[in-house]
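Taking it in order: structure first as structure tokens, then the write-up.
The values are calculated or read from the model by the stated rules, or taken from the named source; none is laboratory data. Predicted model, so just to flag it, every value in this text is computed and none were measured. Neighbour counts are summed over all protein chains in view; Cβ atoms, including those assigned to glycine, are modelled from backbone coordinates with ideal geometry.
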Amino acid sequence: MKSNVEIQKIKELRDRLSIPLNAAIEFINEYNGDIALCEQEFHRNNINTICRLAECDEETAEKYYRICKFSIEKAIKKINEKLFFLTATPNQPIHKIGFILWAENDSLDKYRTNDKSLFIQAKDFDYIIDVFKSVYPIKDNRGEIEHSFDILSNNYFDNKTGRIIVDRMSKIKTKDEGVELFLRNVIKWFKSKLRYADYIVIYGNL
């Protein structure tokens, strides 16, 4: 039977961290009832989790963990909001009109990425837009049928459809070296996401 002091410390730790009872008991036992140390180790473990899932350094993980008020999921999402720009003409200015691509999953455990969200300007997206149009009609993330690609909103492609898209993009022919490299990099980005993603989402801001 636990003493009144132990019960009070467990209650205090749960009030501070909003954690399950069994987790609070484990922390109190492991760190001999030192509330401050329990709290410190709890946050350290969460920061390590962010580092692992978002594949970032500890400084970045801690920064966004605090910005997001100690939410692991929100911190990971914020880190992954940093856009990676991809273009067929790297020596020219990138226009802000285009498409943002990112990965989504239903499980936090599967939320990991080597690349950040991707931005492709409209004139470069023209090289691949017909591939996306070719897979319709498809079901979106709510199970509803979508009949066409929407250049003004979100478009959801499940993992299976994403692999079809990669296969079709790999068959695009071009003699332009810049476009060829662009296509290879888009395919590489897709493949890295499809290792874990339930959906690839494409949002147009045209």
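With over 18 Å from Ala122 (Cα atoms) and either modelled with pLDDT of 95 or more or assigned by TED's automatic domain parsing to the domain that holds Ala122 (or both) as the only criterion, which of Asn154, Asn159 stands out?
On the way: Asn154 fails: over 18 Å from Ala122 (Cα atoms).
Result: Asn159 is the single residue among Asn154, Asn159 that is over 18 Å from Ala122 (Cα atoms) and either modelled with pLDDT of 95 or more or assigned by TED's automatic domain parsing to the domain that holds Ala122 (or both).
All of Ile100, Ile94, Ile50 fail the test of being outside the structural domain of Val179 (by TED's automatic domain parsing) and either β-branched (Val, Ile, Thr) or assigned to a strand (DSSP E or B) (or both), apart from Ile50.
Screening the stretch 162-188 for residues that are within 20 Å of Lys123 (Cα to Cα) and among the acidic types (Asp, Glu) and picking the one that is surrounded by the most Cβ atoms within 10 Å (Cβ to Cβ) gives Glu180. Residue check: Arg52 meets all listed conditions (1) free of Cβ contacts under 8 Å to residues at least 60 places away in the same chain; (2) surrounded by fewer than 16 Cβ atoms within 10 Å (Cβ to Cβ) but one, namely (1). Scanning the stretch 189-198 for residues that are in a helix (DSSP H, G or I), surrounded by 14 or more Cβ atoms within 10 Å (Cβ to Cβ) and either not assigned by TED's automatic domain parsing to the domain that holds Ile100 or not polar (S, T, N, Q) (or both) turns up Trp189, Phe190, Lys193, Leu194. The residues listed here are Lys63, Lys9, Lys78; of these, the one that is surrounded by 12 or more Cβ atoms within 10 Å (Cβ to Cβ), in a helix (DSSP H, G or I) and at pLDDT below 85 is Lys78. Filter the stretch 135-157 down to the residues that are small (Gly, Ala, Ser) and either over 16 Å from Asp198 (Cβ atoms) or surrounded by 13 or more Cβ atoms within 10 Å (Cβ to Cβ) (or both) and list them by number. Residues satisfying the conditions are Ser148, Ser153.
Every test in (1) at pLDDT 95 or above; (2) surrounded by 16 or more Cβ atoms within 10 Å (Cβ to Cβ); (3) not in a loop (DSSP other than H, G, I, E, B) is passed by Phe119 save one, and that test is (1). For the stretch 171-184, indicate whether the set of residues that are out of contact with any His (no Cβ under 9 Å at 6 or more places or on another chain), in the same structural domain as Leu101 (by TED's automatic domain parsing), among the small types (Gly, Ala, Ser) and outside any loop (DSSP other than H, G, I, E, B) is non-empty. Yes: the stretch 171-184 contains one or more residues that are out of contact with any His (no Cβ under 9 Å at 6 or more places or on another chain), in the same structural domain as Leu101 (by TED's automatic domain parsing), among the small types (Gly, Ala, Ser) and outside any loop (DSSP other than H, G, I, E, B).
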